[in-house]
1. Is region 165-206 best put as rounded, prolate or oblate by its Cα gyration tensor, with a ≥ b ≥ c the root eigenvalues, rounded for a/c under 1.5, and otherwise prolate when a/b is larger than b/c, oblate when not?
2. Which whole-number percent is the relative contact order of the chain (Cα, under 8 Å, 6+ apart)?
3. Cα extents of the chain along the three principal axes, largest first, in whole Å?
4. Which value results for Rg/Rh of region 187-284 when Rg is the Cα radius of gyration and Rh the Kirkwood radius based on the inverse mean 1/r?
5. Given a 10 angstrom Cα cut-off, can you work out which residue in 187, 222, 158 is the most mobile in a GNM of the chain?
6. With viscosity set to 1.002 mPa s at 20 °C, what whole-number translational diffusion coefficient in µm²/s follows for region 235-275 from Stokes-Einstein and a Kirkwood radius over Cα pairs?
7. Which whole-number percentage describes the relative contact order of region 1-131, with Cα contacts under 8 Å and a sequence gap of 6 or more?
8. Express the relative contact order of region 187-326 as a whole percentage, based on alpha carbon pairs under 8 Å and six or more residues apart in sequence.
């Protein structure tokens, strides 16, 4: 039975990945920050077979303990301060966790592996936000990185540090440059979940409007459940490498709103939407669209859930949760 250790297991990716690995017969361990973490109960409810370890990406010793206690064959580093808007207000914390945290977990894995650095396979969750002010459309593994937020800058640091450990120490280390991926488990601070929950509330008469920022920004949105399979496939390859994971389609915030509102029978939705400059990014990423040719050819990976199906799935889940009183 292979064993995996997941940081960031309380997030949507961590939960979907844990489910995938358990279904494949893995023994799964997760690193969780703080004994009173409010999301611990969610993890224990959704994936009760996962063994949890207290740890923090900013604390090397706690990561060493988690590795000692789990003895993993694979480590998936999904932990990060991942809300982009937050990163301008808290650039230091974002850099410490999302950037230097990658160095900590890489070093912990290297030290734990000892004389056989390739025996533990490592996955780093890189991000399309690294492309920022895009220099090429679509973006591939070779596209110049030009991040436009403290979060993006931190991800670039972690991405290159992963490459450096692969090249310097012979570690089996891979980075997945994941474009936006969403699900009903997405945090409510993210725009897709903000829209799906607000639309559900408007449908049920619980609120009248949603306040938004830039409606013209475009993203390449996929389903998180599809993307975690790509993570797993990367670590089954003979050698570590970097892969763009995306749908290859781009959609605007306006399209997101149109699909969500139309799904609940509201076609004239603009009266329910108010724009506010407070929700505009200081430096916007205008067009992100990925070229996942390498993942399709080398990993045999393809996204299964299309954009409209993803949005309606999220709206339906929020309607059902609200009706159930959750």
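Just so it is clear, none of the values below were taken in a lab; they were calculated from the coordinates. As the structure is a prediction and not an experimental result, all values here were calculated from the model. A quick note on method: Cβ atoms are made from the backbone with ideal geometry, for glycine too, and the neighbour counts reach across all protein chains shown.
1. Prolate.
2. Answer for the chain is 17 percent.
3. Extents along the principal axes, in whole Å: 64, 44, 38.
4. Result: Rg/Rh = 1.08.
5. Of 187, 222, 158, the Gaussian network model singles out 187 as fluctuating most.
6. The diffusion coefficient I find is 158 µm²/s.
7. 26
8. 40
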